[in-house]
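The values are calculated or read from the model by the stated rules, or taken from the named source; none is laboratory data. The structure presented is a predicted model; accordingly, all values stated were derived computationally and were not measured. Cβ placement follows ideal geometry from the backbone for every residue including glycine, while neighbour counts extend to all protein chains displayed.
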(Lines give C-alpha, C1' and ligand atoms only; values in the text may rest on other atoms or scores of the structure.)
Protein backbone atom coordinates (compact mmCIF):
# COMPACT_ATOMS: atom_id res chain seq x y z
CA UNK A 1 0.00 0.00 0.00
CA UNK A 2 1.32 3.42 -0.96
CA UNK A 3 1.92 5.60 2.09
CA UNK A 4 2.18 9.09 0.66
CA UNK A 5 3.17 11.88 3.03
CA UNK A 6 1.42 15.23 3.20
CA UNK A 7 4.73 16.73 2.15
CA UNK A 8 4.68 14.66 -1.04
CA UNK A 9 1.37 16.31 -1.92
CA UNK A 10 2.37 19.82 -0.86
CA UNK A 11 5.76 20.45 -2.44
CA UNK A 12 7.51 23.80 -2.65
CA UNK A 13 8.73 24.54 -6.16
CA UNK A 14 8.90 26.90 -9.12
CA UNK A 15 6.09 27.50 -11.62
CA UNK A 16 4.41 27.30 -13.96
CA UNK A 17 3.75 23.53 -13.96
CA UNK A 18 4.43 20.70 -11.53
CA UNK A 19 4.30 18.10 -14.32
CA UNK A 20 6.15 20.11 -16.94
CA UNK A 21 8.46 22.28 -14.85
CA UNK A 22 9.02 20.84 -11.38
CA UNK A 23 8.95 17.20 -12.56
CA UNK A 24 11.58 17.61 -15.32
CA UNK A 25 13.65 19.78 -12.96
CA UNK A 26 13.63 17.02 -10.34
CA UNK A 27 14.32 14.38 -13.00
CA UNK A 28 17.39 16.28 -14.21
CA UNK A 29 18.59 16.66 -10.61
CA UNK A 30 18.01 12.98 -10.00
CA UNK A 31 19.98 11.97 -13.09
CA UNK A 32 22.90 14.19 -12.09
CA UNK A 33 22.89 12.66 -8.60
CA UNK A 34 22.88 9.15 -10.08
CA UNK A 35 25.91 10.09 -12.20
CA UNK A 36 27.64 11.36 -9.07
CA UNK A 37 26.82 8.16 -7.20
CA UNK A 38 28.26 6.10 -10.07
CA UNK A 39 31.32 8.39 -10.12
CA UNK A 40 30.75 9.10 -13.81
CA UNK A 41 29.67 12.75 -13.74
CA UNK A 42 33.19 14.06 -14.41
CA UNK A 43 33.51 11.62 -17.33
CA UNK A 44 30.56 13.16 -19.19
CA UNK A 45 31.53 15.06 -22.35
CA UNK A 46 28.09 15.62 -23.85
CA UNK A 47 24.47 15.58 -22.67
CA UNK A 48 21.23 15.42 -24.63
CA UNK A 49 17.67 15.51 -23.32
CA UNK A 50 14.69 14.20 -25.29
CA UNK A 51 11.22 15.39 -24.24
CA UNK A 52 8.21 13.36 -25.35
CA UNK A 53 4.45 13.67 -25.62
CA UNK A 54 2.83 16.36 -23.56
CA UNK A 55 6.22 17.57 -22.32
CA UNK A 56 7.06 18.33 -25.93
CA UNK A 57 3.70 19.69 -27.09
CA UNK A 58 3.36 22.29 -24.32
CA UNK A 59 6.90 22.24 -22.98
CA UNK A 60 7.95 25.68 -24.23
CA UNK A 61 4.93 27.33 -22.62
CA UNK A 62 5.58 25.46 -19.38
CA UNK A 63 9.31 26.35 -19.32
CA UNK A 64 10.32 22.68 -19.50
CA UNK A 65 13.57 23.65 -21.23
CA UNK A 66 14.31 26.08 -18.38
CA UNK A 67 13.61 23.33 -15.85
CA UNK A 68 15.98 20.90 -17.55
CA UNK A 69 18.76 23.50 -17.67
CA UNK A 70 18.30 24.42 -14.02
CA UNK A 71 18.12 20.79 -12.90
CA UNK A 72 21.26 19.84 -14.81
CA UNK A 73 22.98 22.87 -13.28
CA UNK A 74 22.30 21.59 -9.77
CA UNK A 75 19.85 24.33 -8.74
CA UNK A 76 17.18 23.38 -6.18
CA UNK A 77 13.61 24.61 -6.93
CA UNK A 78 12.81 24.92 -3.23
CA UNK A 79 15.62 27.33 -2.45
CA UNK A 80 16.86 28.95 -5.67
CA UNK A 81 16.60 32.73 -5.71
CA UNK A 82 13.73 33.30 -8.13
CA UNK A 83 15.34 36.43 -9.57
CA UNK A 84 18.42 34.39 -10.58
CA UNK A 85 16.57 31.98 -12.87
CA UNK A 86 16.60 34.09 -16.03
CA UNK A 87 20.31 34.86 -15.64
CA UNK A 88 21.31 31.21 -15.17
CA UNK A 89 19.39 30.16 -18.27
CA UNK A 90 20.65 33.13 -20.28
CA UNK A 91 24.27 32.36 -19.35
CA UNK A 92 23.89 28.73 -20.49
CA UNK A 93 22.36 29.85 -23.78
CA UNK A 94 24.91 32.58 -24.49
CA UNK A 95 27.97 30.53 -23.55
CA UNK A 96 26.77 27.26 -25.11
CA UNK A 97 28.02 25.53 -21.99
CA UNK A 98 26.63 24.21 -18.73
CA UNK A 99 28.10 23.42 -15.33
CA UNK A 100 26.68 19.97 -14.60
CA UNK A 101 25.84 19.59 -10.93
CA UNK A 102 27.46 23.00 -10.46
CA UNK A 103 30.95 21.49 -10.80
CA UNK A 104 31.59 19.90 -14.24
CA UNK A 105 31.58 22.17 -17.27
CA UNK A 106 30.71 20.81 -20.71
CA UNK A 107 29.59 22.18 -24.08
CA UNK A 108 25.79 22.47 -24.18
CA UNK A 109 23.76 24.01 -26.99
CA UNK A 110 20.16 24.36 -25.81
CA UNK A 111 18.63 24.19 -29.30
CA UNK A 112 20.70 21.14 -30.20
CA UNK A 113 20.78 19.24 -26.91
CA UNK A 114 17.17 19.66 -25.75
CA UNK A 115 14.96 17.94 -28.30
CA UNK A 116 11.16 18.26 -28.38
CA UNK A 117 9.73 15.00 -29.78
CA UNK A 118 6.01 15.05 -30.56
CA UNK A 119 5.52 11.29 -30.18
CA UNK A 120 4.32 9.77 -26.90
CA UNK A 121 6.12 7.07 -24.94
CA UNK A 122 3.80 4.17 -24.00
CA UNK A 123 4.06 4.38 -20.19
CA UNK A 124 3.00 7.99 -19.57
CA UNK A 125 2.28 11.19 -21.51
CA UNK A 126 5.14 13.05 -19.79
CA UNK A 127 8.28 11.14 -20.75
CA UNK A 128 11.88 12.35 -20.95
CA UNK A 129 15.19 10.67 -21.72
CA UNK A 130 18.60 11.84 -20.52
CA UNK A 131 21.64 10.65 -22.47
CA UNK A 132 25.24 11.25 -21.49
CA UNK A 133 28.31 10.52 -23.61
CA UNK A 134 31.38 9.48 -21.61
CA UNK A 135 34.99 10.32 -22.40
CA UNK A 136 35.60 6.75 -23.60
CA UNK A 137 32.76 7.01 -26.13
CA UNK A 138 30.22 4.96 -24.16
CA UNK A 139 26.79 6.36 -23.40
CA UNK A 140 24.58 6.24 -20.32
CA UNK A 141 20.83 6.69 -20.64
CA UNK A 142 17.90 7.00 -18.25
CA UNK A 143 14.20 7.59 -18.96
CA UNK A 144 11.93 9.28 -16.43
CA UNK A 145 8.24 10.09 -16.30
CA UNK A 146 6.70 13.15 -14.65
CA UNK A 147 3.41 11.74 -13.37
CA UNK A 148 1.90 14.86 -11.80
CA UNK A 149 2.45 17.00 -8.74
CA UNK A 150 6.23 16.90 -9.12
CA UNK A 151 6.35 13.11 -8.75
CA UNK A 152 8.96 11.46 -10.98
CA UNK A 153 9.26 7.72 -11.63
CA UNK A 154 11.30 5.27 -13.70
CA UNK A 155 9.05 2.85 -15.57
CA UNK A 156 11.13 -0.21 -14.87
CA UNK A 157 11.02 0.45 -11.14
CA UNK A 158 7.43 1.55 -10.61
CA UNK A 159 6.36 -1.83 -9.29
CA UNK A 160 9.43 -2.44 -7.13
CA UNK A 161 11.90 0.11 -5.81
CA UNK A 162 9.74 3.14 -6.63
CA UNK A 163 6.83 1.63 -4.71
CA UNK A 164 9.04 0.58 -1.82
CA UNK A 165 10.11 4.19 -1.37
CA UNK A 166 6.47 5.04 -0.75
CA UNK A 167 5.88 2.10 1.60
CA UNK A 168 6.51 3.50 5.02
CA UNK A 169 5.42 1.96 8.30
CA UNK A 170 2.37 4.16 8.75
CA UNK A 171 0.29 3.09 11.74
CA UNK A 172 -2.82 3.88 9.66
CA UNK A 173 -2.13 2.87 6.04
CA UNK A 174 -4.82 4.33 3.80
CA UNK A 175 -5.71 3.55 0.21
CA UNK A 176 -9.37 4.51 0.21
CA UNK A 177 -11.61 7.07 1.89
CA UNK A 178 -13.60 4.25 3.47
CA UNK A 179 -10.50 3.07 5.33
CA UNK A 180 -9.85 6.61 6.56
CA UNK A 181 -13.42 6.80 7.89
CA UNK A 182 -12.99 3.50 9.71
CA UNK A 183 -9.82 4.67 11.44
CA UNK A 184 -11.54 7.88 12.55
CA UNK A 185 -14.48 5.95 14.00
CA UNK A 186 -12.47 3.21 15.72
CA UNK A 187 -9.81 5.59 17.06
CA UNK A 188 -12.34 8.35 17.84
CA UNK A 189 -10.13 10.87 16.04
CA UNK A 190 -10.50 13.65 13.51
CA UNK A 191 -9.01 13.11 10.06
CA UNK A 192 -6.21 15.57 10.85
CA UNK A 193 -5.31 13.54 13.96
CA UNK A 194 -5.09 10.27 12.04
CA UNK A 195 -2.94 11.91 9.36
CA UNK A 196 -0.70 13.49 12.00
CA UNK A 197 -0.14 10.09 13.63
CA UNK A 198 1.06 8.80 10.27
CA UNK A 199 3.40 11.74 9.77
CA UNK A 200 4.82 11.35 13.28
CA UNK A 201 5.79 7.78 12.45
CA UNK A 202 8.38 9.02 9.93
CA UNK A 203 9.45 12.43 11.33
CA UNK A 204 9.49 14.30 14.62
CA UNK A 205 6.73 16.66 15.78
CA UNK A 206 9.19 19.52 15.46
CA UNK A 207 9.92 18.59 11.85
CA UNK A 208 6.22 18.26 11.02
CA UNK A 209 5.44 21.68 12.46
CA UNK A 210 8.46 23.30 10.87
CA UNK A 211 7.73 21.94 7.41
CA UNK A 212 4.01 22.73 7.58
CA UNK A 213 4.86 26.28 8.63
CA UNK A 214 7.31 26.55 5.74
CA UNK A 215 4.58 25.39 3.36
CA UNK A 216 2.12 27.96 4.73
CA UNK A 217 4.71 30.75 4.77
CA UNK A 218 5.42 30.04 1.08
CA UNK A 219 1.70 30.17 0.29
CA UNK A 220 1.22 33.42 2.20
CA UNK A 221 4.26 35.06 0.64
CA UNK A 222 3.07 33.95 -2.80
CA UNK A 223 -0.34 35.60 -2.26
CA UNK A 224 1.35 38.72 -0.93
CA UNK A 225 3.66 38.99 -3.95
CA UNK A 226 0.82 38.35 -6.37
CA UNK A 227 -1.41 41.00 -4.81
CA UNK A 228 1.35 43.59 -4.92
CA UNK A 229 2.75 42.97 -8.40
CA UNK A 230 1.35 44.90 -11.35
CA UNK A 231 1.90 44.33 -15.05
CA UNK A 232 1.60 41.71 -17.77
CA UNK A 233 2.41 38.01 -17.51
CA UNK A 234 5.27 36.64 -19.64
CA UNK A 235 4.70 34.28 -22.54
CA UNK A 236 3.23 36.36 -25.35
CA UNK A 237 -0.50 36.25 -24.54
CA UNK A 238 -0.24 39.69 -22.90
CA UNK A 239 -2.42 38.61 -19.99
CA UNK A 240 -2.71 41.44 -17.51
CA UNK A 241 -2.30 40.61 -13.85
CA UNK A 242 -5.66 41.12 -12.12
CA UNK A 243 -4.91 40.35 -8.47
CA UNK A 244 -3.13 43.71 -8.09
CA UNK A 245 -6.14 45.73 -9.30
CA UNK A 246 -8.67 43.71 -7.30
CA UNK A 247 -6.55 43.90 -4.16
CA UNK A 248 -6.10 47.66 -4.53
CA UNK A 249 -9.87 48.20 -4.77
CA UNK A 250 -10.60 45.91 -1.82
CA UNK A 251 -8.07 47.65 0.41
CA UNK A 252 -9.03 51.22 -0.52
CA UNK A 253 -11.61 51.57 2.26
CA UNK A 254 -9.26 50.14 4.89
CA UNK A 255 -7.00 52.54 6.77
CA UNK A 256 -4.86 49.69 8.13
CA UNK A 257 -1.16 49.73 7.32
CA UNK A 258 1.12 46.74 6.88
CA UNK A 259 4.72 45.99 6.00
CA UNK A 260 4.89 42.23 5.43
CA UNK A 261 2.69 39.20 4.70
CA UNK A 262 1.79 38.63 8.35
CA UNK A 263 0.69 42.21 9.04
CA UNK A 264 -1.08 42.21 5.66
CA UNK A 265 -3.21 39.26 6.79
CA UNK A 266 -4.23 41.19 9.91
CA UNK A 267 -5.01 44.29 7.83
CA UNK A 268 -7.35 42.33 5.55
CA UNK A 269 -9.39 41.30 8.59
CA UNK A 270 -10.35 44.96 8.98
CA UNK A 271 -11.88 45.27 5.52
CA UNK A 272 -15.56 45.05 4.56
CA UNK A 273 -16.89 41.51 4.31
CA UNK A 274 -20.17 41.66 2.42
CA UNK A 275 -20.92 38.72 0.13
CA UNK A 276 -19.52 40.37 -2.99
CA UNK A 277 -16.35 41.35 -1.17
CA UNK A 278 -15.90 37.79 0.07
CA UNK A 279 -16.17 36.46 -3.48
CA UNK A 280 -13.65 39.06 -4.63
CA UNK A 281 -11.19 38.32 -1.82
CA UNK A 282 -11.24 34.56 -2.43
CA UNK A 283 -10.81 35.09 -6.17
CA UNK A 284 -8.05 37.63 -5.55
CA UNK A 285 -6.09 35.21 -3.36
CA UNK A 286 -6.40 32.43 -5.95
CA UNK A 287 -5.51 34.67 -8.89
CA UNK A 288 -2.50 36.10 -7.06
CA UNK A 289 -0.93 32.67 -6.54
CA UNK A 290 -1.35 31.55 -10.12
CA UNK A 291 -0.11 34.82 -11.53
CA UNK A 292 3.07 34.27 -9.51
CA UNK A 293 3.12 30.68 -10.77
CA UNK A 294 2.83 31.83 -14.39
CA UNK A 295 5.83 34.11 -13.85
CA UNK A 296 8.30 31.39 -12.82
CA UNK A 297 7.60 32.24 -9.18
CA UNK A 298 7.77 30.02 -6.11
CA UNK A 299 4.52 28.27 -5.17
CA UNK A 300 3.35 25.15 -3.35
CA UNK A 301 2.05 22.31 -5.50
CA UNK A 302 -1.39 21.67 -4.07
CA UNK A 303 -1.53 19.13 -5.55
CA UNK A 304 -0.04 20.70 -8.70
CA UNK A 305 1.35 24.06 -9.75
CA UNK A 306 -1.50 24.72 -12.15
CA UNK A 307 -3.95 24.35 -9.26
CA UNK A 308 -1.72 25.94 -6.60
CA UNK A 309 -4.10 28.82 -5.86
CA UNK A 310 -7.14 26.93 -4.58
CA UNK A 311 -5.89 25.70 -1.20
CA UNK A 312 -4.16 28.92 -0.06
CA UNK A 313 -7.20 30.94 -1.17
CA UNK A 314 -9.61 28.80 0.85
CA UNK A 315 -7.34 28.69 3.89
CA UNK A 316 -6.87 32.47 3.70
CA UNK A 317 -10.66 32.85 3.48
CA UNK A 318 -10.98 30.94 6.75
CA UNK A 319 -8.30 33.02 8.46
CA UNK A 320 -9.28 36.53 7.39
CA UNK A 321 -13.04 36.23 7.02
CA UNK A 322 -14.44 33.27 8.96
CA UNK A 323 -12.17 33.04 12.02
CA UNK A 324 -10.05 36.03 13.06
CA UNK A 325 -8.61 33.98 15.93
CA UNK A 326 -7.24 31.31 13.61
CA UNK A 327 -3.66 30.33 14.41
CA UNK A 328 -1.02 27.83 13.31
CA UNK A 329 -2.98 24.93 14.78
CA UNK A 330 -5.80 25.65 12.32
CA UNK A 331 -3.33 25.95 9.44
CA UNK A 332 -1.75 22.64 10.47
CA UNK A 333 -5.07 20.78 10.59
CA UNK A 334 -6.14 22.25 7.24
CA UNK A 335 -2.94 21.20 5.45
CA UNK A 336 -2.93 17.72 7.00
CA UNK A 337 -6.48 17.03 5.83
CA UNK A 338 -5.90 18.55 2.40
CA UNK A 339 -2.74 16.51 1.87
CA UNK A 340 -4.43 13.24 2.81
CA UNK A 341 -7.40 13.83 0.50
CA UNK A 342 -5.00 14.66 -2.32
CA UNK A 343 -3.16 11.39 -1.74
CA UNK A 344 -6.43 9.46 -2.13
CA UNK A 345 -6.82 10.89 -5.63
CA UNK A 346 -3.13 10.22 -6.37
CA UNK A 347 -3.57 6.55 -5.41
CA UNK A 348 -7.00 5.97 -6.92
CA UNK A 349 -6.86 8.10 -10.06
CA UNK A 350 -4.31 10.74 -11.13
CA UNK A 351 -3.20 14.30 -10.40
CA UNK A 352 -1.69 14.73 -13.86
CA UNK A 353 -3.58 16.86 -16.39
CA UNK A 354 -1.70 15.07 -19.15
CA UNK A 355 -3.43 11.89 -18.01
CA UNK A 356 -6.76 13.15 -16.72
CA UNK A 357 -7.42 16.68 -17.89
CA UNK A 358 -8.00 19.60 -15.54
CA UNK A 359 -10.33 17.54 -13.33
CA UNK A 360 -7.07 15.98 -12.09
CA UNK A 361 -5.73 19.38 -11.04
CA UNK A 362 -8.42 21.96 -10.22
CA UNK A 363 -10.92 19.22 -9.39
CA UNK A 364 -8.56 17.54 -6.94
CA UNK A 365 -7.40 20.81 -5.37
CA UNK A 366 -11.02 21.88 -4.88
CA UNK A 367 -11.80 18.54 -3.22
CA UNK A 368 -8.75 18.89 -0.97
CA UNK A 369 -9.71 22.42 0.08
CA UNK A 370 -13.39 21.55 0.60
CA UNK A 371 -12.59 18.68 2.95
CA UNK A 372 -9.98 20.64 4.90
CA UNK A 373 -12.29 23.63 5.36
CA UNK A 374 -15.10 21.35 6.53
CA UNK A 375 -12.98 19.99 9.39
CA UNK A 376 -12.05 23.50 10.53
CA UNK A 377 -15.72 24.47 10.47
CA UNK A 378 -16.56 21.62 12.82
CA UNK A 379 -17.58 18.93 10.36
CA UNK A 380 -17.36 15.24 11.17
CA UNK A 381 -14.93 12.98 9.24
CA UNK A 382 -17.89 11.77 7.17
CA UNK A 383 -18.85 15.37 6.33
CA UNK A 384 -15.23 16.15 5.44
CA UNK A 385 -15.20 13.36 2.87
CA UNK A 386 -18.66 14.31 1.68
CA UNK A 387 -17.47 17.86 0.98
CA UNK A 388 -14.53 16.49 -1.02
CA UNK A 389 -16.89 14.31 -3.02
CA UNK A 390 -19.22 17.22 -3.77
CA UNK A 391 -16.34 19.40 -4.95
CA UNK A 392 -14.96 16.75 -7.30
CA UNK A 393 -18.38 15.69 -8.56
CA UNK A 394 -18.81 19.14 -10.06
CA UNK A 395 -15.43 19.11 -11.77
CA UNK A 396 -15.80 15.73 -13.49
CA UNK A 397 -14.83 15.87 -17.15
CA UNK A 398 -13.04 19.23 -16.92
CA UNK A 399 -10.58 19.39 -19.81
CA UNK A 400 -7.07 20.81 -19.96
CA UNK A 401 -6.73 23.05 -23.02
CA UNK A 402 -4.28 25.88 -22.26
CA UNK A 403 -3.98 28.54 -24.94
CA UNK A 404 -0.46 28.71 -26.32
CA UNK A 405 0.61 25.94 -23.96
CA UNK A 406 0.82 28.50 -21.14
CA UNK A 407 -0.57 28.01 -17.63
CA UNK A 408 -2.61 31.20 -17.97
CA UNK A 409 -5.86 30.89 -19.95
CA UNK A 410 -8.08 29.33 -18.65
CA UNK A 411 -5.89 27.99 -15.83
CA UNK A 412 -5.61 31.09 -13.63
CA UNK A 413 -9.34 31.81 -13.50
CA UNK A 414 -10.10 28.16 -12.86
CA UNK A 415 -8.29 28.42 -9.54
CA UNK A 416 -10.70 31.14 -8.45
CA UNK A 417 -13.68 29.03 -9.52
CA UNK A 418 -12.26 25.94 -7.79
CA UNK A 419 -11.81 27.87 -4.54
CA UNK A 420 -15.38 29.19 -4.57
CA UNK A 421 -16.72 25.70 -5.31
CA UNK A 422 -14.70 24.29 -2.40
CA UNK A 423 -16.26 26.75 0.06
CA UNK A 424 -19.74 26.00 -1.29
CA UNK A 425 -19.11 22.24 -1.10
CA UNK A 426 -18.05 22.57 2.53
CA UNK A 427 -21.23 24.45 3.43
CA UNK A 428 -23.41 21.91 1.60
CA UNK A 429 -21.73 19.05 3.47
CA UNK A 430 -22.06 20.78 6.84
CA UNK A 431 -25.80 21.14 6.31
CA UNK A 432 -26.18 17.50 5.24
CA UNK A 433 -26.41 14.12 6.90
CA UNK A 434 -23.67 11.98 5.28
CA UNK A 435 -25.81 8.86 5.79
CA UNK A 436 -28.14 10.26 3.12
CA UNK A 437 -25.36 10.69 0.55
CA UNK A 438 -25.77 8.59 -2.59
CA UNK A 439 -22.22 9.04 -3.90
CA UNK A 440 -19.12 8.24 -1.83
CA UNK A 441 -15.71 9.85 -2.25
CA UNK A 442 -14.26 6.49 -3.32
CA UNK A 443 -16.93 6.22 -6.03
CA UNK A 444 -16.24 9.69 -7.37
CA UNK A 445 -12.46 9.04 -7.40
CA UNK A 446 -13.05 5.87 -9.42
CA UNK A 447 -15.43 7.76 -11.73
CA UNK A 448 -12.85 10.48 -12.23
CA UNK A 449 -10.28 7.90 -13.30
CA UNK A 450 -12.70 6.21 -15.70
CA UNK A 451 -13.56 9.64 -17.12
CA UNK A 452 -9.86 10.37 -17.53
CA UNK A 453 -9.31 7.17 -19.48
CA UNK A 454 -12.29 7.92 -21.75
CA UNK A 455 -11.32 11.55 -22.36
CA UNK A 456 -10.01 12.38 -25.81
CA UNK A 457 -6.25 12.85 -25.75
CA UNK A 458 -6.48 16.30 -27.34
CA UNK A 459 -8.09 17.59 -24.14
CA UNK A 460 -5.21 16.42 -21.95
CA UNK A 461 -2.66 19.24 -21.86
CA UNK A 462 -1.65 18.97 -25.52
CA UNK A 463 -3.02 22.30 -26.79
CA UNK A 464 -4.66 20.32 -29.61
CA UNK A 465 -8.29 20.91 -28.61
CA UNK A 466 -10.80 23.14 -26.88
CA UNK A 467 -9.82 26.73 -26.12
CA UNK A 468 -6.28 26.02 -27.26
CA UNK A 469 -7.46 25.83 -30.89
CA UNK A 470 -10.73 27.74 -30.51
CA UNK A 471 -8.84 30.88 -29.53
CA UNK A 472 -5.68 31.84 -31.42
CA UNK A 473 -2.76 33.42 -29.61
CA UNK A 474 -3.16 36.40 -31.93
CA UNK A 475 -6.69 36.92 -30.59
CA UNK A 476 -5.21 37.59 -27.18
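So the values come out like this:
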quantity: Selected residue (only one of 65, 50 is closer than 25 Å to residue 137 by Cβ and under 24 Å from the mean Cα position of the chain (by Cα)); calculated: 50
quantity: Failed criterion for residue 331 (all others in (1) surrounded by 24 or more Cβ atoms within 10 Å (Cβ to Cβ); (2) in a helix (DSSP H, G or I) hold); calculated: (1)
quantity: Number of positions in the range 86-113 that are over 24 Å from residue 135 (Cβ atoms) and touching a helix residue (DSSP H, G or I) at 6+ places or on another chain (Cβ under 7 Å); calculated: 3
quantity: Selection status of residue 342, farther than 14 Å from residue 223 by Cα, in contact with a helix residue (DSSP H, G or I) (Cβ under 8 Å, 6 or more places away or on another chain), crowded, with 24+ Cβ neighbours inside 10 Å and assigned by TED's automatic domain parsing to the domain that holds residue 444; calculated: yes
quantity: Options 403, 420, 362, 390; residue that is farther than 24 Å from residue 454 by Cα and either touching a helix residue (DSSP H, G or I) at 6+ places or on another chain (Cβ under 6 Å) or touching a residue at least 24 places away in the same chain (Cβ under 8 Å) (or both); calculated: 420
quantity: Matching entry among 287, 250, 296 (being more than 20 Å from residue 214 (Cα to Cα), in contact (Cβ under 8 Å) with a residue 60 or more places away in the chain and either touching a helix residue (DSSP H, G or I) at 6+ places or on another chain (Cβ under 8 Å) or assigned by TED's automatic domain parsing to the domain that holds residue 226 (or both)); calculated: 287
quantity: The one condition in (1) in a helix (DSSP H, G or I); (2) surrounded by fewer than 22 Cβ atoms within 10 Å (Cβ to Cβ); (3) in contact (Cβ under 8 Å) with a residue 24 or more places away in the chain that residue 311 fails to fulfil; calculated: (2)
quantity: Residues satisfying the stated conditions in the range 444-470, i.e. surrounded by 13 or more Cβ atoms within 10 Å (Cβ to Cβ) and under 12 Å from residue 396 (Cα atoms); calculated: 444, 445, 446, 447, 448, 449, 451, 452, 455
quantity: Residue match in the range 18-36 (condition: on the phi > 0 side of the Ramachandran plot and crowded, with 23+ Cβ neighbours inside 10 Å); calculated: no
quantity: Some residue of the range 4-23 being more than 19 Å from the chain's Cα centre (by Cα), in contact (Cβ under 8 Å) with a residue 40 or more places away in the chain and outside the structural domain of residue 372 (by TED's automatic domain parsing); calculated: no
quantity: Yes/no for residue 73 being modelled with pLDDT under 95 and surrounded by 15 or more Cβ atoms within 10 Å (Cβ to Cβ); calculated: no
quantity: Enumeration of residues in the range 205-250 that are surrounded by fewer than 18 Cβ atoms within 10 Å (Cβ to Cβ), more than 21 Å from the chain's Cα centre (by Cα) and assigned to a helix (DSSP H, G or I); calculated: 205, 206, 207, 245, 248, 249, 250
quantity: Failed item, numbered, when residue 329 is tested on (1) under 20 Å from residue 218 (Cα atoms); (2) touching a residue at least 24 places away in the same chain (Cβ under 8 Å); calculated: (2)
quantity: Verdict on residue 354 being crowded, with 23+ Cβ neighbours inside 10 Å, at negative phi, assigned to a helix (DSSP H, G or I) and in contact with a strand residue (DSSP E or B) (Cβ under 7 Å, 6 or more places away or on another chain); calculated: yes
quantity: Any strands (runs of 3 or more DSSP E) falling wholly within the range 1-108 and containing at least 3 residues that are farther than 30 Å from residue 195 by Cα; calculated: 44-52, 97-100, 104-107
quantity: Single match in 48, 95, 84, 18 (criterion: in contact with a strand residue (DSSP E or B) (Cβ under 7 Å, 6 or more places away or on another chain) and either more than 27 Å from residue 315 (Cα to Cα) or modelled with pLDDT of 95 or more (or both)); calculated: 48
quantity: Count - residues of the range 114-151 that are surrounded by 18 or more Cβ atoms within 10 Å (Cβ to Cβ) and more than 16 Å from residue 35 (Cβ to Cβ); calculated: 14
